[in-house]
Amino acid sequence: MSVKEANARHETPERVSCPAVFVAAPASGQGKTTVTAALARMLRRQGRVVRVFKTGPDYLDPRVLEQASGRPVDPLDLWMAGEAYCRRRLFEAAREADLILVEGAMGLFDGTPSSADLAALFGLPMVIVMDVKGMAQTAAALVTGLAGFRDDVRIAGLIANACGSARHRELIEGALPASVPLLAAVPRDPALALPERHLGLVQAEEIREDLEARFDAGAEALAAEGLAEALLALPPVAFEAAPVEATAPPAWLAGRTVAVAHDAAFSFVYQANLDLLARMGATLRFFSPLAETRLPACDALWLPGGYPELHAERLAANAGMRDALRRAFEDELPILAECGGLLYCLETLTDQAGETHAMLGLLPGAGAMRGRRGCQGMQTAELPEGPVRGHAHHRSQASGTPEPIAFGRRQRHPAPGEAIYRARCLTASYLHLFFPDNPAAVARLFGAAAVADASSFSPDAPPSDLTKECHA
């Protein structure tokens, strides 16, 4: 009998039990994603169904984890997505999975809400991944301190990453308290680590075959430690169904086609955003600003974030696509440009090598990379169509831009957040939006008319002036 079959005896329409583990760390850069991907591949190779989630706003790690697990990977963030969204996703995953893995963000107690807050809310036992290079007994001291820091968080054990030798492992294991066992020691091996660049991991699509070798090597290393058996033996976590919305989002975008840029330059897209557009009736058409010279027939456009700075020369050379997007702008199609999409809409973009390339010129201004300095954080986009939560994460700057129509509202700081620009029906900002936070505002943004949001809008209220200009 499989774990899933055994747990099925405890299922009800409102409650289901499933083994689950929250993979956390004392800081960033400890190898959480490397270990989580190896765990997912190990279980997948054993014929298990494993569902993986990533805490917080992240586009790169989920793609890697999707490839490792063979299943979609959704973000879980209590501030950006909300408790009901997270609860619903976990409940749905528990109904099919033999094990749920949730990868944390930063250090387990960092941020508000933190990884620990999410684990505590849903009763997820935490496994600490720690890079133990350069220490031995001190690693045991650190994880012991983490385990005792809050009484509502349970630490199920330690995975010692980058362990140098059998003796190194013995020293760490011998210093750990019985309550925090050493679950595994991952050898110090560059062949297991995941490649990185300036915004995080290299995109999975660019190094798919290389990742396969790393996943399999990591899976073999963890399997040799007996880690699958240890995790599957943990007491199952009971997941309860979230209250179902009174109604699904109305078909506000029925009959409208949204063209979505998607290639190596524009790939920072939450599947949840695409799913919401489809649920609201939109037809989605994907296109490549790098490879194609024409836009698909559409009523609105979405230029998401990504790495235009790595492909600026090709973007500049694609005159056909630049002309097509300029015509769409002049024809006043609603256009949403996020982060890398904003850079593409400016007049020029200077890449990391210092070369300047012509971009679309839909907005005045110049984009330029700025080394390791950057901006990140959770913010609410204060749009005329309504507030939408999201985040910023970039290492570029835009100068010479027009007066913003608004600014992002930071989660915990009074200073203005990212500028929000509007020209004709183009809305552009460094902010990445999480569409499910406010479906009505997103529908308006992509050109829906007569949208009502019972929580903050009167059904009879007219759209804002800026919205009417774009939707006439």
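The values are calculated or read from the model by the stated rules, or taken from the named source; none is laboratory data. Not measured: the values here are computed from a predicted model. With ideal geometry, Cβ positions are generated from the backbone for all residues, glycine too; neighbour counts draw on all protein chains shown.
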Does PHE329 meet the test of being in the same structural domain as SER396 (by TED's automatic domain parsing), closer than 25 Å to PRO404 by Cα and under 18 Å from the mean Cα position of the chain (by Cα)? no
Give me the pairs, please: first residue somewhere in the range 407-434 and without any contact (Cβ under 8 Å) to a residue 60 or more places away in the chain, second residue anywhere and acidic (Asp, Glu), beta-carbon distance under 9 Å, and either six or more positions apart or on two chains. PHE407/GLU382; PHE407/GLU418; GLY408/GLU382; GLY408/GLU418; ARG409/GLU382; GLY417/GLU382; ALA419/GLU403; ILE420/GLU382
Options LEU301, LEU253, LEU277, LEU295; residue that is part of a loop (DSSP other than H, G, I, E, B), surrounded by 21 or more Cβ atoms within 10 Å (Cβ to Cβ) and of a type in the set (A, V, I, L, M): LEU253
Which residue out of GLU338, GLU313, GLU309 is in contact with a strand residue (DSSP E or B) (Cβ under 8 Å, 6 or more places away or on another chain) and under 17 Å from CYS425 (Cα atoms)? GLU338
Among residues of the range 386-416 being buried (at least 20 other Cβ atoms within 10 Å of the Cβ) and touching a Ser or Thr at 6+ places or on another chain (Cβ under 8 Å), the residue nearest to GLY305 (Cα to Cα) is GLY390
Whichever residue in the range 175-228 is in a strand (DSSP E or B) and modelled with pLDDT under 90 and, among such residues, is farthest from GLY29 (Cα to Cα): PRO187
May I ask you to verify whether PRO72 is more than 19 Å from THR12 (Cα to Cα), surrounded by fewer than 23 Cβ atoms within 10 Å (Cβ to Cβ), in the same structural domain as ALA219 (by TED's automatic domain parsing) and under 14 Å from the mean Cα position of the chain (by Cα)? yes
Specify which of the listed residues (PHE109, PHE53) is of a type in the set (Phe, Trp, Tyr) and surrounded by fewer than 20 Cβ atoms within 10 Å (Cβ to Cβ). PHE109
Flag if ILE155 is surrounded by 14 or more Cβ atoms within 10 Å (Cβ to Cβ), modelled with pLDDT under 95, on the phi < 0 side of the Ramachandran plot and of a type in the set (Val, Ile, Thr): no
Could you tell me which of the residues ALA419, ALA428 is crowded, with 23+ Cβ neighbours inside 10 Å, touching a Phe, Trp or Tyr at 6+ places or on another chain (Cβ under 8 Å), at pLDDT 95 or above and within 28 Å of ARG327 (Cβ to Cβ)? ALA428
Residues in the range 124-139: is at least one hydrophobic (A, V, I, L, M, F, W, C), at pLDDT 95 or above and part of a helix (DSSP H, G or I)? yes
Out of the residues in the range 41-50 that are touching a Gly at 6+ places or on another chain (Cβ under 8 Å) and under 23 Å from CYS163 (Cα atoms), state the one that is surrounded by the fewest Cβ atoms within 10 Å (Cβ to Cβ). MET42
Output the qualifying pairs, or none if there are none: Cβ atoms under 9 angstrom, residues six or more apart or on different chains, first residue in the range 9-37 and within 21 Å of LEU60 (Cα to Cα), second residue aromatic (Phe, Trp, Tyr) and modelled with pLDDT under 90. ALA37/PHE215
It is to be established whether one or more residues within the range 17-31 are at pLDDT 90 or above, small (Gly, Ala, Ser), buried (at least 21 other Cβ atoms within 10 Å of the Cβ) and assigned to a helix (DSSP H, G or I). no
Flag if ALA353 is free of Cβ contacts under 8 Å to residues at least 24 places away in the same chain, out of contact with any Leu (no Cβ under 7 Å at 6 or more places or on another chain) and not in a loop (DSSP other than H, G, I, E, B): no
Please go through the range 104-122 and pick out each residue that is in contact (Cβ under 8 Å) with a residue 60 or more places away in the chain and at positive phi. MET106
